[in-house]
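What follows is a single structure, written as C-alpha coordinates, with notes after it.
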Amino acid sequence: MNQKRLINILLVIWILIIWGNSLMPGDVSSSQSGFVVGLFTYVLDLIKISYNEVTLSSLIRSVAHFTEFFILGMILVLRFKNIFISYGIGLVIIFTDEIIQIFVPGRAFEVKDLIVDTFGLNWGILIVAGIIYLIKRNQLKSLE
(Lines give C-alpha, C1' and ligand atoms only; values in the text may rest on other atoms or scores of the structure.)
Protein backbone atom coordinates (compact mmCIF):
# COMPACT_ATOMS: atom_id res chain seq x y z
CA MET A 1 0.00 0.00 0.00
CA ASN A 2 1.43 3.38 -0.94
CA GLN A 3 1.97 6.20 1.55
CA LYS A 4 -0.76 8.51 0.18
CA ARG A 5 -3.38 5.78 0.39
CA LEU A 6 -2.32 4.95 3.95
CA ILE A 7 -2.61 8.62 4.97
CA ASN A 8 -6.06 8.83 3.34
CA ILE A 9 -7.22 5.79 5.32
CA LEU A 10 -5.72 7.20 8.52
CA LEU A 11 -7.47 10.54 7.91
CA VAL A 12 -10.88 8.91 7.39
CA ILE A 13 -10.43 6.70 10.47
CA TRP A 14 -9.38 9.68 12.60
CA ILE A 15 -12.38 11.79 11.48
CA LEU A 16 -14.67 8.86 12.28
CA ILE A 17 -13.09 8.57 15.75
CA ILE A 18 -13.62 12.29 16.38
CA TRP A 19 -17.22 12.26 15.21
CA GLY A 20 -17.83 8.93 16.94
CA ASN A 21 -16.81 10.52 20.22
CA SER A 22 -19.26 13.37 19.55
CA LEU A 23 -22.09 10.92 18.92
CA MET A 24 -21.71 9.45 22.42
CA PRO A 25 -24.48 10.61 24.74
CA GLY A 26 -23.40 12.93 27.54
CA ASP A 27 -23.55 10.25 30.24
CA VAL A 28 -21.30 7.90 28.23
CA SER A 29 -18.82 10.69 27.49
CA SER A 30 -18.80 11.74 31.15
CA SER A 31 -18.23 8.14 32.18
CA GLN A 32 -15.18 7.90 29.94
CA SER A 33 -13.81 11.17 31.27
CA GLY A 34 -14.64 10.05 34.80
CA PHE A 35 -12.54 6.93 34.34
CA VAL A 36 -9.51 8.98 33.27
CA VAL A 37 -10.10 11.50 36.06
CA GLY A 38 -10.25 8.57 38.48
CA LEU A 39 -6.84 7.35 37.31
CA PHE A 40 -5.33 10.80 37.76
CA THR A 41 -6.90 11.33 41.17
CA TYR A 42 -5.56 7.95 42.29
CA VAL A 43 -2.02 8.88 41.26
CA LEU A 44 -2.27 12.41 42.68
CA ASP A 45 -3.56 10.99 45.98
CA LEU A 46 -0.68 8.48 46.05
CA ILE A 47 1.93 11.19 45.65
CA LYS A 48 0.05 13.54 48.01
CA ILE A 49 -0.69 16.33 45.53
CA SER A 50 -3.87 18.30 46.22
CA TYR A 51 -6.28 19.09 43.40
CA ASN A 52 -9.80 20.28 42.65
CA GLU A 53 -11.69 17.43 40.97
CA VAL A 54 -13.89 19.75 38.88
CA THR A 55 -10.84 21.63 37.60
CA LEU A 56 -8.99 18.38 36.96
CA SER A 57 -11.96 16.97 35.03
CA SER A 58 -12.22 20.12 32.92
CA LEU A 59 -8.48 20.07 32.24
CA ILE A 60 -8.55 16.40 31.18
CA ARG A 61 -11.48 17.01 28.82
CA SER A 62 -9.69 20.02 27.30
CA VAL A 63 -6.47 18.04 26.83
CA ALA A 64 -8.49 15.29 25.11
CA HIS A 65 -10.05 17.83 22.73
CA PHE A 66 -6.68 19.45 22.04
CA THR A 67 -5.06 16.07 21.37
CA GLU A 68 -7.80 14.86 19.01
CA PHE A 69 -7.41 17.91 16.82
CA PHE A 70 -3.63 18.15 17.18
CA ILE A 71 -3.45 14.69 15.60
CA LEU A 72 -6.00 15.71 12.96
CA GLY A 73 -3.86 18.76 12.05
CA MET A 74 -0.79 16.57 11.65
CA ILE A 75 -2.63 14.10 9.41
CA LEU A 76 -4.16 16.89 7.29
CA VAL A 77 -0.76 18.46 6.57
CA LEU A 78 0.71 15.09 5.68
CA ARG A 79 -2.22 14.49 3.33
CA PHE A 80 -2.58 17.89 1.64
CA LYS A 81 0.95 19.35 1.99
CA ASN A 82 -0.67 22.78 2.27
CA ILE A 83 -1.23 24.71 5.49
CA PHE A 84 -4.24 26.68 4.23
CA ILE A 85 -6.11 23.70 2.78
CA SER A 86 -5.36 21.70 5.92
CA TYR A 87 -6.59 24.52 8.13
CA GLY A 88 -9.78 25.02 6.11
CA ILE A 89 -10.68 21.34 6.13
CA GLY A 90 -9.79 21.14 9.81
CA LEU A 91 -12.14 24.02 10.66
CA VAL A 92 -14.98 22.33 8.76
CA ILE A 93 -14.38 19.15 10.76
CA ILE A 94 -14.28 21.12 14.04
CA PHE A 95 -17.55 22.93 13.35
CA THR A 96 -19.21 19.72 12.15
CA ASP A 97 -18.05 18.03 15.35
CA GLU A 98 -19.73 20.67 17.50
CA ILE A 99 -22.88 20.73 15.35
CA ILE A 100 -23.23 16.94 15.72
CA GLN A 101 -23.32 17.42 19.50
CA ILE A 102 -26.40 19.66 19.27
CA PHE A 103 -28.42 16.57 18.32
CA VAL A 104 -26.94 14.17 20.90
CA PRO A 105 -28.65 13.81 24.30
CA GLY A 106 -26.62 15.39 27.09
CA ARG A 107 -24.24 17.14 24.69
CA ALA A 108 -24.11 20.72 23.40
CA PHE A 109 -22.34 23.07 21.01
CA GLU A 110 -19.53 24.53 23.15
CA VAL A 111 -17.58 27.61 22.09
CA LYS A 112 -14.83 26.63 24.57
CA ASP A 113 -14.43 23.33 22.72
CA LEU A 114 -14.21 25.18 19.38
CA ILE A 115 -11.36 27.25 20.78
CA VAL A 116 -9.47 24.30 22.28
CA ASP A 117 -10.02 22.21 19.12
CA THR A 118 -8.73 25.06 16.94
CA PHE A 119 -5.61 25.44 19.10
CA GLY A 120 -4.96 21.71 18.76
CA LEU A 121 -5.46 21.87 14.99
CA ASN A 122 -3.15 24.89 14.70
CA TRP A 123 -0.33 23.27 16.65
CA GLY A 124 -0.63 19.97 14.78
CA ILE A 125 -0.47 21.78 11.44
CA LEU A 126 2.38 24.09 12.45
CA ILE A 127 4.58 21.40 13.95
CA VAL A 128 4.30 19.01 11.00
CA ALA A 129 4.59 21.84 8.45
CA GLY A 130 7.69 23.04 10.30
CA ILE A 131 9.24 19.58 10.28
CA ILE A 132 8.50 19.20 6.55
CA TYR A 133 10.06 22.61 5.90
CA LEU A 134 13.22 21.73 7.85
CA ILE A 135 13.56 18.38 6.06
CA LYS A 136 13.20 20.02 2.64
CA ARG A 137 15.63 22.79 3.58
CA ASN A 138 18.22 20.26 4.70
CA GLN A 139 17.73 18.23 1.51
CA LEU A 140 18.31 21.35 -0.58
CA LYS A 141 21.46 22.20 1.40
CA SER A 142 22.82 18.70 0.89
CA LEU A 143 22.36 19.07 -2.89
CA GLU A 144 24.55 22.18 -2.98
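The values are calculated or read from the model by the stated rules, or taken from the named source; none is laboratory data. Note that this is a predicted model, so its numbers are computed, not measured. Don't worry about glycine lacking a Cβ; one is built from the backbone with ideal geometry, like all the others, and counts go over all protein chains shown.
Observations on the structure shown:
- Between 104, 92, 111, 63, the distinction of being closer than 21 Å to residue 32 by Cβ, free of Cβ contacts under 8 Å to residues at least 40 places away in the same chain, of a type outside the set (Phe, Trp, Tyr) and surrounded by fewer than 20 Cβ atoms within 10 Å (Cβ to Cβ) belongs to 63 only.
- Qualifying residue in region 57-71 (condition: more than 24 Å from residue 129 (Cβ to Cβ) and outside any helix (DSSP H, G or I)): no
- In the set (1) exposed (fewer than 11 other Cβ atoms within 10 Å of the Cβ); (2) under 22 Å from residue 12 (Cα atoms); (3) not polar (S, T, N, Q), the condition left unmet by residue 143 is number (2).
- Of the criteria (1) surrounded by 13 or more Cβ atoms within 10 Å (Cβ to Cβ); (2) modelled with pLDDT of 95 or more; (3) basic (Lys, Arg), which one residue 5 fails: (1)
- Some residue of region 118-128 being touching a residue at least 12 places away in the same chain (Cβ under 8 Å) and touching a Ser or Thr at 6+ places or on another chain (Cβ under 8 Å): yes
- Selection from region 48-94 of residues that are on the phi < 0 side of the Ramachandran plot, modelled with pLDDT under 95 and more than 16 Å from the chain's Cα centre (by Cα): 49, 50, 51, 52, 53, 54, 55, 56, 57
- On inspection, residue 43 qualifies as part of a helix (DSSP H, G or I), of a type in the set (Val, Ile, Thr) and more than 26 Å from residue 86 (Cβ to Cβ).
- Residues satisfying the stated conditions in region 66-81, i.e. farther than 17 Å from residue 3 by Cα and not hydrophobic (A, V, I, L, M, F, W, C): 67, 68, 73
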